[in-house]
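The values are calculated or read from the model by the stated rules, or taken from the named source; none is laboratory data. These numbers were taken from a predicted model, which means no experiment stands behind them. Positions of Cβ are backbone-derived with ideal geometry, glycine not excepted, and every protein chain shown enters the neighbour counts. Accessible surface is based on the protein model in full, side chains and every heavy atom, while ligands, DNA and RNA are left aside. Shrake-Rupley method; radii C 1.70, N 1.55, O 1.52, S 1.80 Å.
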Amino acid sequence: MRRFLDYRFAALLSFIVSVWLWGVALPAFAVSPAEGIDSDLNLNLETKDFSGQVLLDRRFTKLELGGANFENADLRGTVFNSTDLTGANLRGINFENGMAYHAILREADLSDAILVNTFLLQSRFDNANVTNADFKDAVLDLQEKLKLCKTASGQNPVTGRETRKTLGCS
């Protein structure tokens, strides 16, 4: 009898866990569009001017934003997923706790940017300007980190941290 109760308990626990997993995970898939930008944003993608805007926890997915102006924008928690930001002006942005996964940031201006606790894996930073940027606890590919260390310099005007130290340059 005890063995039978153990099986029933295991089956019940398995059912509860699967309901919990399906009940929590499925709505997350429906929240974000596959491509584009959050549907609740009223942004003009043609001008690509997001300067000074507060764009907290937004999603930019598979967009061509080369040359876009995000200067001094508040991008905390924002995600750039497979987005082209070649030559973008990201000067002075607060991108804390954000994510740029598989993003192209070639020749982007990240000077004075705050990139604390940012996830930057598989993103490319060829010839990006990171003067005075703060990368404290940011996660990026070793190859990209080494590229950035070649030109990294300065101290972030907001956090006071040195760029080379936050990147872990030797």
If you check LEU121 against the conditions, is it at pLDDT 95 or above, assigned to a helix (DSSP H, G or I) and at negative phi?
-> no
Does GLU144 count as farther than 20 Å from ASP57 by Cβ, modelled with pLDDT of 95 or more and either out of contact with any Pro (no Cβ under 6 Å at 6 or more places or on another chain) or of a type in the set (Val, Ile, Thr) (or both)?
-> yes
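Can you name the residue in segment 53-62 that is closer than 16 Å to GLY77 by Cα and not hydrophobic (A, V, I, L, M, F, W, C) and, of all such residues, is surrounded by the fewest Cβ atoms within 10 Å (Cβ to Cβ)?
By that ranking, first place goes to ASP57.
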Starting from segment 156-167, keep only residues that are closer than 16 Å to ILE93 by Cα and open to solvent by less than 30 Å² (accessible area, probe 1.4 Å), then list their pairs with residues that are part of a helix (DSSP H, G or I) and of a type outside the set (Ser, Thr, Tyr) whose Cβ atoms are within a distance under 9 Å, requiring at least 6 positions of separation or different chains.
-> THR163/LEU148
If only one of THR83, THR61 is of a type in the set (S, T, N, Q), in contact with a Leu (Cβ under 7 Å, 6 or more places away or on another chain) and within 14 Å of HIS102 (Cα to Cα), which one is it?
-> THR83
Any chance segment 63-85 includes a residue that's β-branched (Val, Ile, Thr) and open to solvent by 30 Å² or more (accessible area, probe 1.4 Å)?
-> no
Of the conditions (1) over 18 Å from SER51 (Cβ atoms); (2) open to solvent by less than 20 Å² (accessible area, probe 1.4 Å); (3) modelled with pLDDT under 95, SER170 fails just one. Which one is it?
-> (2)
Of the conditions (1) modelled with pLDDT of 95 or more; (2) outside any loop (DSSP other than H, G, I, E, B), ASN72 fails just one. Which one is it?
-> (2)
